[in-house]
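Report on the following structure.
No value in this document is a laboratory result; all are computed from the given coordinates. Treat the numbers as computed from the prediction; the structure is a model and nothing was measured. Cβ sites come from the backbone with ideal geometry, for glycine too, and all protein chains shown count toward neighbours.
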Amino acid sequence: MTLVIVFYDLKIVNCELNIKTNNNMSDLEKFLEKIEENIKIEPKDWMPDDYRKHLQRQMSQHAHSEVIGMQPEGNWVLRAPSLRAKVILLAKIQDEAGHGQYLYSAAETLGKSRSTYINELQTRKAKYSSIFNYPTLTWADMGAVGWLVDGAAIVNQVSLQKTSYGPYSRAMVKICKEESFHQRQGYEIISNMAKGTPEQKQMAQDALDRFWWPSIMMFGPHDADSSRSENAMKWKIKNETNDQLRQKFIDKTIQQAEIIGLTIPDKDLRWNDETNHYDFGEIDWDEFWNVVKGNGPCNDDRIEHHIKAHEDGAWVREAAIAYAEKNG
Amino acid sequence: MENKEALINYCLRLGDSSLILGQRMAEWCSNGPILEEDIAMTNISLDLFGQSRMLYSYIAELEGGTNEDEIAFRRNEREFFNTLISERPNGHFGDTIARNFLIDAFSFHYYKQLVKSNNEVISAFAEKSLKEVTYHLRHSSEWMIRLGDGTEESKIKIQNALNKVWKYSDDMFDVNDGDKSLIESGIAVNPEEIKEAWNETITSVLKRAKLTRPEDGYFHKGSRNGVHSEYLGHLLTEMQYLQRAYPDAKW
Ligand SMILES: [Fe+2]
Ligand SMILES: [Fe+2]
């Protein structure tokens, strides 16, 4: 007996020693080396606390955006104007629910549970993309959301496929495969309306007018004003800056608007031969921060809707747990 | 009734029931008790819309000069032939599950027989739908069992939900004169033929769920002749809004 205990004790001491030596220098170094060499960081790997926290915040924010985004689109599912459009929109929303699911699972690998993340959403400690705090007022908004919001999300998510955290990167690869269909369905809706009756055309232009600026705000503040960007770039959580991604989105979207004869609501928009990019007007950052702080048209409604569904479903979840416990 | 007219009316019965229940299930979008259920209920909704589209396209072919959207969005309350039970409001999750369970068990056994229809389109429809409703029935049965054998609260809720919706179940078995001629010619299935199998499924799931089968009392009927509850009009108002408000528009 005694021998065994001594043996175990030695082992524990050895372990602790190992951890200590690693902690002294090489854990952080090893981590940075992996980042440098583009080797993915995996859940069991050592990572700096700030890296973990940054990812917890970003990934849960991403998951919440997928889930809250179901509301403004769900707003038109029952009123879709054709069976085909209804089925496509519903399938798209279902994809978003699936994205939320992958992202919550990926975020759980960082040592926080989905229910904790959801609680942070409902108590407004966690954010989601501000774009979903704008209302969807007409059917053309289903076009604008798919075309612009999913369009902007794709630019961001394609870039995030290369992110340094393994589970996040893999979730993005899976999600990106589905996203291009989302953008196509939106673009199809808005182009059909843009070439439709005068009323339809007017709705299409109005949707673009309302969603354009909030869409380009989706990339976040200018690099110079983005406090968290620096770490995110250093750790290769992000590989392109907010402004670079925004520019990519603008460059590819302008042509798409021209093709269907809609006007982007920015009088300063023009091609710049020197930069090979479009110049665009000043973003209203007061509006952006206002919505981030909770004062967008739908912030309260979105969270209340989420809480209501969650509370209404509490007895169902409890029953499922009770049943599983009883029946092994 | 002419044979073609009867056939169209029969397809409307099946197609409308799928469409209306599909619309009800779509109402759950972003309202489910957990994300996984949002996904499951959307799946069911998508299957049901697919089923109705298949039959509406067939009707359009038979009638000529119309299409699936005209059929779905330009008919009035009295021109719909969906079952009464399919238009019942969702209520809470247990109300939806109890309603769907009775419908799914019916569709499962009905399509199983309908596969043998001598009308190729209907037989193909039944074959495709049977695969889907097999999954739907599993989904609703599993929830009946979980809720029935879950907590005190869930047991009461699901039992009450079942008791409330029971009186709409017999309407699924109703036939009109057109149906009778189609049954004779081997195109349609007589719902009476599957009643026993339906009853067995209901009884065995309720037993596992530790729930009581409601007493057979008064049953509401009328949908086979296009007479509905007040709920249908509201559902259609919402669903048909754009097609009605912009009759010249293409989407
Ligand atoms: Fe998504
Ligand atoms: Fe998407």
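Descriptive notes on the structure:
- For B:Lys131, the lysines whose Cα comes closer than 21 Å to its Cα, not counting residues fewer than 8 places off in the same chain, are B:Lys112, B:Lys116, B:Lys195.
- Chain A: angle of helix A:49-68 to the longest principal axis, Cα-based, in degrees nearest 10: 40
- Relative exposure of A:Leu269, B:Leu235, judged by other C-beta atoms within 10 Å (fewest first): A:Leu269, B:Leu235
- Distance in nm between pseudo-label sites at A:Phe181 and B:Glu5 (7 Å out along the Cβ direction from Cα): 4.3
- Two-site label geometry, B:Glu77 and B:Glu127: point separation in nm, points 7 Å out along Cα→Cβ: 4.0
- Separation of alpha-carbon centers, the stretch B:61-109 and the stretch A:90-125, rounded to whole Å: 33
- Per-residue [θ]222 nm for chain B (sum of -39500 (n - 2.57) over DSSP H runs n ≥ 4, rounded to 500): -22000 deg cm²/dmol
- A:Tyr165 long-range amide H proximity, modeled H, under 5 Å: A:Ile41
- At R0 = 56 Å, FRET efficiency that the Cβ-Cβ distance of A:Leu269 and B:Glu70 yields, to 0.05: 0.85
- In terms of other Cβ atoms within 10 Å, B:Val189, A:Val145, A:Val291 run from fewest to most in the order A:Val291, B:Val189, A:Val145.
- For the pair A:Glu29 and B:Asp177, label points projected 7 Å from Cα toward Cβ lie 9.4 nm apart.
- Note on A:Ile307/B:Tyr241: beta-carbon distance plugged into 1/(1 + (r/R0)^6) with R0 of 41 Å gives a FRET efficiency of 0.90.
- Taking other Cβ atoms within 10 Å as a rough exposure proxy, A:His305, B:His109 sort from fewest to most as A:His305, B:His109.
- Cα-centre dipole for the stretch A:46-316 with unit charges at Cβ (Lys and Arg positive, Asp and Glu negative), debye to 20: 1000
- Candidate cross-link partners of B:Lys250 among the lysines, defined by an alpha-carbon separation under 25 Å and a same-chain spacing of 8 or more, comprise A:Lys86, A:Lys92, A:Lys195, A:Lys201.
- Whether the protein assembly as shown is rounded, prolate or oblate, judged on the alpha carbon gyration tensor where a/c under 1.5 counts as rounded: oblate
- Efficiency of FRET from Cβ geometry, A:Lys252 and B:His220, R₀ 60 Å, rounded to 0.05: 0.60
- Shape category assigned to the stretch B:3-245 from the gyration tensor of Cα positions, a/c cut at 1.5: prolate
- Gyration tensor (alpha-carbon) shape descriptor, the stretch A:46-316, a/c threshold 1.5: oblate
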